[in-house]
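Asker: I have a structure I would like to understand better, so I am pasting it below and will then ask my questions one at a time.
Where a number appears in this text, it was derived from the coordinates with a stated rule and is not lab data. Predicted model, so just to flag it, every value in this text is computed and none were measured. Ideal geometry is used to build each Cβ from the backbone, glycine not excepted, and the neighbour counts take in all protein chains shown.
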Amino acid sequence: LRGNEGGGPRSAERLLAHLLDRPFSLVAKGPFARTTKPRRPTYSGKLCTLMDGGSFSATAMVLAQLELHARGALIGEESGGNRTVISGSARTMHLPHTRIACTISRKDWWLVEREVDGRGVMPTHPVASALDHDAALVRAL
């Protein structure tokens with residue numbers, strides 16, 4: 001999931017339904033909260049997920065669930081998305097006097113029931129990135 005900027009929450013749900021062996025809630029509270037059941041085929045083998053600061057939005061939702069369910073190794077660097085709540089449904093507006101464009105998120109999705117700590121999902125196996133060597137991939141293999 002390194003460098004994956006996200007996508008639709010439904011895609012995240014579909015992926016997780018094949019990786020988790022028990023029901024889960026992609027969103028923990030609010031109007032979007034619902035329980036998703038595992039789907040066959042469910043992958044039950046070893047799981048190593050590569051992650052970095054470019055992993056956010058729906059990707060952070062997947063990482064938060066993998067962390068919450070202790071599903072496999074999370075390898076790399078802290079995710080770019082928040083591990084507790086993410087925002088979306090952005091709308092771009094222009095400020096009235098300067099006409100400067102600004103984007104404002106209009107929805108919050110609470111991923112897990114915990115305090116917002118300003119952090120992304122933390123890897124279980126931290127590995128710093130390097131330009132000349134893929135240490136995270138080597139660690140996963």
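Asker: Can you give me the number of residues within the stretch 102-141 that are under 17 Å from Ser79 (Cα atoms), surrounded by fewer than 13 Cβ atoms within 10 Å (Cβ to Cβ) and free of Cβ contacts under 8 Å to residues at least 24 places away in the same chain?
Answerer: The number of residues fulfilling the criteria is 1.
Asker: Moving on to the next point. Just one of the numbered conditions (1) more than 18 Å from Ser25 (Cβ to Cβ); (2) touching a Ser or Thr at 6+ places or on another chain (Cβ under 9 Å); (3) β-branched (Val, Ile, Thr) is not true of Thr124; which one?
Answerer: Looking at each condition in turn, Thr124 falls short on (2).
Asker: Any chance the stretch 29-38 includes a residue that's free of Cβ contacts under 8 Å to residues at least 24 places away in the same chain, assigned to a loop (DSSP other than H, G, I, E, B), basic (Lys, Arg) and touching a helix residue (DSSP H, G or I) at 6+ places or on another chain (Cβ under 8 Å)?
Answerer: Yes; the residues of the stretch 29-38 include at least one that is free of Cβ contacts under 8 Å to residues at least 24 places away in the same chain, assigned to a loop (DSSP other than H, G, I, E, B), basic (Lys, Arg) and touching a helix residue (DSSP H, G or I) at 6+ places or on another chain (Cβ under 8 Å).
Asker: In this structure, is Arg91 farther than 16 Å from Lys107 by Cα and surrounded by fewer than 18 Cβ atoms within 10 Å (Cβ to Cβ)?
Answerer: Criteria not met by Arg91.
Asker: If Leu66 satisfies all but one of (1) touching a residue at least 24 places away in the same chain (Cβ under 8 Å); (2) farther than 13 Å from Trp109 by Cβ; (3) out of contact with any His (no Cβ under 6 Å at 6 or more places or on another chain); (4) surrounded by fewer than 21 Cβ atoms within 10 Å (Cβ to Cβ), what's the number of the condition it fails?
Answerer: It is condition (4) that Leu66 fails.
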